[in-house]
Amino acid sequence: MEILIIITILFYMASTASYVAYLFAQKDCLYRSGAYILILGFFCHTAAIAFGFVKSGNLPVYRLYEILSLAGWTIAGVFLVSQYKLRLKILGIYAVPLVTLVMIISSQLPREAPQIKNIFSNFWIIFHVVIIFIGESFFALACGVGILYLIQENSIKNKNHGFFFRRLPSLELLDSTGYTCIISGFAMLTLGLITGFLYAKLIWGRLWSWDPKEVWSGITWLLYAALLHGRFALGWRGRKAAIISVIGFVVLLFTFLGVNFLLEGHHGEFIRW
């Protein structure tokens, strides 16, 4: 498994280099090579996760390095699908380095074998975690699109038609792409929360227990729901939507990791160093 992770990281690093080179040179061959290398890395990553699942009989989400590895895997997968569907080539300069960074951090964390409880082999926890991670990956991409939007908007406002202006797409395309990522992530997050309620009822006997993770997950859901409502009802597009996308992802990161280490609750047993 370790050799697969090393190979995966090497592929991701090579893909990052190709996308960065594409940013500067704007050669389609660099973009294509980055995408193909990323696919190879994703396949190796998938094999590593599958190996861990078969070996333990449980979804590998108990240790922090496993959580981060699964996060990197879902971001890579969601980006590959989004790249095929949305054709926003430049997003690779954000998504692939993010995946690479997550995997490098994951590889440096302790690997001690934990005592895994049988609750981790439950169907609902597997479905819940995977769906939640897919939704969060869409939100991660929406954050990247929001950042690119703000950079391009600043270039236009300052009439600085230089490096980024020539390489970033139109504001309309960035805005529509960000919206697609948000609504996709929101749908997955909603489904993930529903399965989480069902799992909580099965394991703890109640749908809601005011656990900090549950509360902050609700806050995150409400934040993105407010963004979608604002877009439909109040015309929140462009800069405002981009800023909220970035803020939403910061809140999401706190919900994803910060809550487990700063606040006590039964979700803390799902992450160990």
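Using a Förster distance of 51 Å, how high is the FRET efficiency between Lys159 and Leu191, based on the Cβ-Cβ distance and rounded to 0.05? Walk me through the numbers on the way to the answer.
Working: r = 44 Å, r/R0 = 0.87.
With R0 = 51 Å, the Cβ-Cβ based efficiency is 0.70.
Return the single residue from Val145, Val54, Val250 with maximal mean-square fluctuation; model: Gaussian network over the chain, springs between Cα atoms under 10 Å.
Among Val145, Val54, Val250, the largest mean-square fluctuation in the Gaussian network model of the chain belongs to Val54.
Rounded to a whole number of µm²/s, how large is the Stokes-Einstein D of region 1-118 at 10 °C and 1.306 mPa s, given Rh as the Kirkwood radius over C-alpha pairs? Present the calculation step by step, with values, prior to reporting the outcome.
Working: Rh = 14.6 Å.
The Stokes-Einstein estimate is 109 µm²/s.
Once you put a point 7 Å from the Cα of Ser176 and another 7 Å from the Cα of Ile104, both along the Cβ direction, what distance in nm separates them?
It works out to 3.6 nm between the two label points.
As an exercise, use a Förster radius of 30 Å and the Cβ-Cβ distance of Ser56 and Leu257 to find the FRET efficiency, rounded to the nearest 0.05.
On the way: r = 22 Å, r/R0 = 0.74.
Approximately 0.85, to the nearest 0.05.
When the Karplus curve 6.51 cos²θ - 1.76 cosθ + 1.60 is applied with θ = phi - 60°, which whole-Hz ³J(HN,Hα) does each residue of region 234-239 get, with x for Gly and Pro?
Residue by residue, region 234-239 yields 10, x, 6, 10, x, 4 Hz.
I need the phi-derived Karplus couplings for region 135-146: 6.51 cos²θ - 1.76 cosθ + 1.60, θ = phi - 60°, integer Hz, Gly and Pro marked x.
x, 5, 5, 4, 5, 5, 5, 4, 4, x, 5, x
Taking the Cβ of each residue in His229, His128 as the centre, tally the other Cβ atoms inside 10 Å and list the residues starting with the fewest.
Working: His229 12, His128 22.
Fewest-to-most ranking of His229, His128: His229, His128.
Just to be sure I understand: if I project the alpha-carbon convex hull of the chain onto a plane and average over all orientations, what area do I get in nm²?
Working: hull surface 58.3 nm².
The number I arrive at for the chain is 14.6 nm².
List the residues whose amide H sits under 5 Å from the amide H of Arg63, counting only those 5 or more places along or on another chain, with H placed 1.01 Å from N in the peptide plane.
Arg272
If neighbour count is taken as other Cβ atoms inside 10 Å, put Ser107, Ser170, Ser245 in order from fewest to most.
With the sparsest Cβ surroundings first, the list reads Ser170, Ser107, Ser245.
Per residue Cα convex hull volume for region 122-273, in cubic angstrom?
Working: hull volume 18.6 nm³, N = 152.
Looking at region 122-273, the number lands at 123 Å³ per residue.
Any idea what Rg and Dmax come out to for region 40-88 if you just take the C-alpha atoms, in Å?
12.3, 38
What does a probe at Ile3 reach in region 20-63, counting residues whose amide N is under 20 Å from the point 7 Å along Cα→Cβ?
40-56
Give me the distance in nm between label points sitting 7 Å out from Cα along the Cα-to-Cβ direction at Cys29 and Ala47, one decimal.
Those two pseudo-labels are separated by 2.8 nm.
What's the angle, to the nearest 10 degrees (0 to 90), between helix 92-107's Cα axis and the longest principal axis of the chain?
Taking Cα atoms only, the helix is inclined about 30 degrees.
Could you check the simple spin-label distance between Val250 and Ala233, using points 7 Å along Cα→Cβ, in nm with one decimal?
Between Val250 and Ala233, the simple spin-label model gives 2.5 nm.
Kindly put Trp210, Trp73, Trp124 in sequence by how many other C-beta atoms sit within 10 Å of each C-beta, fewest to most.
On the way: Trp210 9, Trp73 23, Trp124 17.
Lowest to highest Cβ neighbour count: Trp210, Trp124, Trp73.
Throughout, read-outs are computed from the coordinates displayed, never taken from laboratory work. Only a predicted model underlies this, so the values are computations on that prediction, with no experimental measurement involved. Quick reminder, even Gly has a Cβ in these numbers, built from the backbone with ideal geometry, and neighbours come from all protein chains shown.
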